[in-house]
Amino acid sequence: MFTARSMLFFCVETPLHAGTGRSLGTVDLPVQRERSTGYPIVQASSIKGRLRAETKSLINDDEKWLTIFGPEQEATEEGKRSSDFGGALSTGDARILLFPVRSLAGVFAWVTCVDVLARFQREAASIGLKLDDGNNGKFILPSEPDKNSATTINKNLWADGKNVVLEEFSFTGNEDPSLAPLATWLANHVLPSTAEYNYWRDHLADKLCILPENAFRDFVLYGTEVQTHIALDPATKTVKSGALWTAESLPVDSILYAPVQSTPPRKPGASLTDGTAILNAVKSTDLTRIHLGGDETTGQGIVALHFEGGA
């Protein structure tokens, strides 16, 4: 049974490719997606594996580290293997919360929809995350916009005084200042609290855009970044035969979230005695950025982390 819970937010700082392998579609290497909605995700195994790798040197205590993540399949220096006991930390899939889309006004919009926000609200309730900070910040579900309409807090994203133009698509603007507490909550609780994110916290309300659910789905399906890769023959410096492929990535400024939960330790005689101590040991590493997905050697997949709520 989970006894400590927190929400982990991911702010994508370089294109993120968490892939599924080869595809028969138009993109050779697509990103991971939910089966039912097509929304992009990062599977829990990728997140936990990366946290495991990144925190080993930061925790600097093999006994505690094994208690949190469990032993490897092969025997460790302590003689432990994965069949002896499981780790106490559990992560969920990372799901999309805000998706950046090029805008004719305001540079880009952070788009979302009622379905995505309701899913986050449900996930937050499941881990006991409070969505009202009592300081003009409150997570309020907006109304579903009319077809071909887009709801914004102000007119910062309106290109001609009446329309919101995202990529090549035009939506009738609907101004709703009552969404300001939602933007305040997102700015204060989702984005990292570090100084380099001051600009985005200050401008999140100007860039927040609520789309109809079908329009949002289309943007996350077809508005991702697609990069073309080649391999060169080292002798001739020409493209090797067949060595041309495309890879899909989540664009910079995508924001995702994943629940992180912990149980009491399963390791006999563990020095971390309960779930709260387990979760605090991970959060106290002050891990601010990790790499997720592929193409690490070309600087891809750098994400900023922010824990919210819980232990």
Accessible area per residue in Å² at 1.4 Å probe, computed on the chain: 47
According to the Cα gyration tensor, what semi-axes, each the square root of 5 times an eigenvalue, does the equivalent ellipsoid of region 206-311 have, listed from largest to smallest in whole Å? 38, 25, 12
Roughly speaking, what is the stretch gain from T273 to D132, that is 0.36 nm per residue apart minus the C-alpha to C-alpha distance, in nm to one decimal? 47.7 nm
Counting pairwise Cα distances across region 105-241, what percent come out greater than 20 angstrom? 54
Which number comes out as Rg/Rh for the chain once both Rg and the Kirkwood Rh are worked out on C-alpha atoms? 1.01
Among P234, P212, P142: highest mean-square fluctuation, GNM of the chain, C-alpha pairs under 10 Å: P234
In whole Å, how far is the Cα centre of region 101-169 from that of region 270-290? 33
Whole number please: convex hull volume per residue of the Cα set in region 119-192, in Å³? 118
Below 8 Å, C-alpha to C-alpha, sequence gap of six or more: please give me the relative contact order for the chain in percent. 35
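The values are calculated or read from the model by the stated rules, or taken from the named source; none is laboratory data. If you're wondering where the values come from, they're calculated on a predicted model, not measured in any experiment. Areas reflect the complete protein model, heavy atoms only, side chains present, ligands, DNA and RNA absent. Shrake-Rupley method; radii C 1.70, N 1.55, O 1.52, S 1.80 Å.
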